Every structure is written in C-alpha cells, then in structure tokens.
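**Student:** Here it is: the structure, laid out below.
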C-alpha cells in the first residue's frame, strides 16, 4: 500500500516555492495576514481548477469534507468562502502573474527541443485573442458595449508544446492590433497572425529587428508585383510573388518588399493570400505556418472548456485576474509535470484523471499510465433464487 503524498500534493511539488515566496514578498501579499496566507489561497484556487469547482461555496464544502487531509495538501488556514473571497479581492493579482511567467519559462525550456516543422529550427509563435463575456451590471469595470461587458485574453503561444509565453488581460474594447505594442519581439522568430493584426507600420518593426511574420492579406491591399516564382500547382499553390505596396499610407509605413503567397485549400475550398517578410522558406511552408495558427484557437477552446475562467469567483478586476492567472499557472504546471514524468497522455486526459483523484495516495505516473482495468465480476458463489 502506498503511504506517500496525496495526488494534489504531488502536483504542487512541481511549483517553485522559493519563486512564489519572492513574488509574495515583492507585492506584500501576506502583509497583516494572520491565518490564510497567499500559499493557502493559491492551493485552494488550484484545487478548484483541478477538480472543476464552480463556486466559492463549492470549494468550501469539498475541502471541509476532507478536513483531515488539508494539512497534507499544504493548506494551513481555515477554509471559509468569505476568507477566500476577501483574499481574491485584495491580494495583488501580480503575485500570480509573475508565478505564471516563471512557470512558463521553465516549460519553454522543457519543450524547446520538440519538433514542430522539420525545416524550421526557429521559434514559431501564434498571436491571437479571445473574448470572455461578462455581465456589465456585475462587472461594471469591464465595459465592452453599451449593454455588455467583456474582457480580452491576448495570448502569444509558443507552438512547440503550446505554451503561452505572453498573456495580457484587457477590457473588451482594446483592438487586437494594439497587442503588438506590448510584445517584446525576438529576432529570428516567426509570428503567425490573422488579418486583425495587419498594420504595416507595426509590421515594419518586425523587419527592422530581423523577426518574421506570416499573416493574411486584406482584400483591399494595393500593391505592384516585382517578381513571380514558379510553383507546383498540384500542392494547392497558385502564386509566389515579391511585391511592393503602392497605397499612399501603406507604402510610407512599409517601404520594403513583401512576399505574397496565394494558396487554395482543397479541404475547405477556400483561396487564401498570405503576406510575409521571409523570402527563404518554400512557399508551401509559409502556407503550413499559417495553418498552424489554428493551434492558438484550439488553446483558447481548451482552456475555456477545462479551466475555470468563464465563471468567476469574484466580481472585482483583481479577483478576475487572480483567477485567470492561477488557471494559467495550473495549466503550465500540468504541462511541466507531463514533460518531467515523460507522460504520453494528452493534457486533457491527465486533467480528467487528476480531477477525480486529488485525495488519493497513488504515484502520479502509476495513476496516469495504469490502464489495465479488470471489470469482470469475481463472484465465487451462485446467486440463490427467490422464487422457484
């Protein structure tokens, strides 16, 4: 019989406690706190993410039902929904944002050698945003439209391991293209974006620092073709051109040459036009790079379905950001655990198993990889008949 740690404690062992304590000290998270520390708050919120709790009352009832195991989970404070609500309201959300960034740096190192596209050694990022709808009367700070509230999650996803490297939480009014001003560009890396990020003045910044972008061209773009290169039309490619912008504003904003690749997707029967400042990669690889942008859409869909970021435990901006950053931390923590334990199962499978096993005392590797179930009945006696 295994008498070691609870599953929840084994997951939390992958968290860098020293880094977390430095974050708490930096933002004075435990200032005048007597019983319910920032670590207690993080563990309670992480438990809610892992076990799919829906409310503060839900968290309180579940944890109190296992009161004799709280100490072994690392929770030292008393569990009360009002105490947890107060912590989410007042503890600085930047504590958990910095913890998430530290975990992201660790995860990126672990996934850096994963293969993505064979002919590419450079890092490939996908940039996009997703909108989380909120009730304006409950979240008045999250103004979006006249009668609707929302926040936006701007995310830069490293496609090696699908690790979010940049996250910015804004109100729903912030246009996607403004997120380009917040990103620290990496020379030599590829950034894949949709048409919402086409701003030639901002895109020229990529060229100036030797970073590459791949994006969709808008319909009304004005250009002059300089060169055309042969393409294999059997692959779906229609043309591969070097162009120069001719619009008054666009030419001034982007005076350099651009590459225009036209591709017909037979699966969807759509013709797509891509713009990039990379002239070395094969045209088909450019099309494949843009197709990989779909990974960020899948990431948004995944976290909305499997992390608690659509129903919030508090109504203030601090509480909402705290919950989102802790959710991201749990996602990256499980990704780190998956890599370090060499688990082949998907994150979805791992989280589903963990959600029903948080209080068990089984080694995580054994729990995730043991699929030899035996559901056959093992009765050794015959059932007696009630009636002849």
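The values are calculated or read from the model by the stated rules, or taken from the named source; none is laboratory data. The shown structure was predicted, so the numbers you read here are calculated from the model rather than taken from an experiment. Don't worry about glycine lacking a Cβ; one is built from the backbone with ideal geometry, like all the others, and counts go over all protein chains shown.
**Student:** Please find, within the range 204-217, the residue that is nearest to the chain's Cα centre (by Cα) out of those that are farther than 12 Å from residue 127 by Cβ and part of a helix (DSSP H, G or I).
**Tutor:** 205
**Student:** Scanning the range 95-116 for residues that are part of a helix (DSSP H, G or I) and out of contact with any helix residue (DSSP H, G or I) (no Cβ under 8 Å at 6 or more places or on another chain), which turns out farthest from residue 166 (Cα to Cα)?
**Tutor:** 109
**Student:** Residues to consider are 152, 148, 160; find the one that is out of contact with any helix residue (DSSP H, G or I) (no Cβ under 7 Å at 6 or more places or on another chain) and modelled with pLDDT under 90.
**Tutor:** 148 is the lone residue from the list that is out of contact with any helix residue (DSSP H, G or I) (no Cβ under 7 Å at 6 or more places or on another chain) and modelled with pLDDT under 90.
**Student:** I'm checking my understanding of the structure. Among residues of the range 11-40 that are touching a helix residue (DSSP H, G or I) at 6+ places or on another chain (Cβ under 7 Å) and either outside any helix (DSSP H, G or I) or not assigned by TED's automatic domain parsing to the domain that holds residue 70 (or both), which one is farthest from residue 105 (Cα to Cα)?
**Tutor:** Top of the filtered list is 36.
**Student:** Exactly one of (1) touching a residue at least 60 places away in the same chain (Cβ under 8 Å); (2) farther than 28 Å from residue 144 by Cβ is unmet by residue 194. Its number?
**Tutor:** Just one mismatch for residue 194, condition (2).
**Student:** If residue 314 meets every condition in (1) within 30 Å of residue 41 (Cβ to Cβ); (2) assigned to a helix (DSSP H, G or I); (3) touching a residue at least 40 places away in the same chain (Cβ under 8 Å) apart from one, which number is that one?
**Tutor:** (2)
**Student:** Ok, one more. Which of the residues spanning the range 117-145 are over 30 Å from residue 283 (Cβ atoms) and assigned to a loop (DSSP other than H, G, I, E, B)?
**Tutor:** 135, 136, 137, 138, 139, 140, 141, 142 - these are the residues of the range 117-145 that are over 30 Å from residue 283 (Cβ atoms) and assigned to a loop (DSSP other than H, G, I, E, B).
**Student:** Kindly indicate whether residue 143 is surrounded by 15 or more Cβ atoms within 10 Å (Cβ to Cβ), on the phi < 0 side of the Ramachandran plot and modelled with pLDDT under 90.
**Tutor:** yes
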